[in-house]
1. Would you list Val75, Val59, Val100 from the most to the least accessible area, probe 1.4 Å?
2. Write down the radius of gyration of segment 48-89 and its Dmax, each obtained from C-alpha positions, in Å.
3. Could you give the accessible area per residue of segment 7-140, probe 1.4 Å, as a whole number in Å²?
4. At 7 Å along Cα-to-Cβ for each site, give me the label-to-label distance between Ser86 and Glu174 in nm.
5. Computed from the coordinates I sent, volume of the Cα convex hull per residue in Å³ equals one of (1) 109; (2) 145; (3) 195. Tell me the label.
6. Using modelled backbone amide H atoms (1.01 Å from N, in-plane), which distant-in-sequence or interchain residues come within less than 5 Å of Asn36's amide H?
7. Determine the relative contact order of segment 6-61: mean sequence separation of Cα pairs under 8 Å and six or more apart, normalised by residue count, in whole percent.
8. Can you pull the accessible area of Asp170 for me, 1.4 Å probe, Å² to the nearest 10?
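The values are calculated or read from the model by the stated rules, or taken from the named source; none is laboratory data. For clarity, every value in this text was computed on a predicted model and none was experimentally measured. Glycine also receives a Cβ, built like all others from the backbone with ideal geometry; neighbour counts cover every protein chain displayed. These area figures cover heavy atoms from the full protein model, side chains too; ligands, DNA and RNA do not enter into them. Shrake-Rupley method; radii C 1.70, N 1.55, O 1.52, S 1.80 Å.
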Amino acid sequence: ALQKAENIDEEKQATQFEILMSETEKNNFVHYEISNFGKENFFGRHNSNYWKGEKYLGVGPAAHSFNGEIRQWNVANNAKYIESISQRIIPNETEILTPVQRLNEYVMTSLRTIWGTNLKKIKNDFGDFLYEKFLFNLKRINNSIFISEEKNTLCLTQKGKMIADKIILDLWIEEPNQ
C-alpha cells in the first residue's frame, strides 16, 4: 500500500534549496528558472518559451499551445486523439485570456527566470493602466533584498527565489470586475 510522505518543514526545504543552488553553480549549471538548471545553451526550449511568455505549439495528446491570447490544450486520451486526428479534427479546448490574465501569467512565469520581467514589455503589451497597477503592487514589495532591477528588467535575487510564490502573489492584479 502507498504511504503518504510527510511534508518537509520549510526551514529544511530552504536549506536544501540553497545547497542545490550552490552545488549546481559550482558545477557550471545555470539556474535559468526556479525549478530548472541546465548547462549554457542546453535549456528546455519549449518550457523556455512558456516562461518568457512567447508563443508555443504543442502537438499530440495533452499538448498545450499558446498564441499570445488564446491557450489551447489537446484531449489527453490517446484513443480519442488518434480517432479525431484520423477525421482531420484536432480535439482540443481553448481559453481566451483577458489582458489582466495575460499580464499576471507573464509576471508569474517570467519573474521565475534569469530573463526576468521586462517593464517595457508590460507597458507596451498591456498599456499604461495595467502598467501603473503593476508598479503600485511592486512598490509594496520593492525591496532590493528580494528583487533586483537592471535595464528595465526585474529579477529575483537568491533570497527572492526562496519566496518567489509570495512575491508573485503580491504582484498579482485583480480583474476589474472582482
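1. On the way: Val75 45, Val59 120, Val100 10 Å².
The ranking, largest first, comes out as Val59, Val75, Val100.
2. Values for segment 48-89 (Cα only, Rg and Dmax): 11.8, 34 Å.
3. Counting only protein heavy atoms, the per-residue value for segment 7-140 is 66 Å².
4. For Ser86 paired with Glu174, the spin-label model returns 5.2 nm.
5. Evaluating volume of the Cα convex hull per residue in Å³ on these atoms matches (3).
6. For Asn36, no residues qualify.
7. With pairs under 8 Å counted, the relative contact order is 15 percent.
8. 40 Å²
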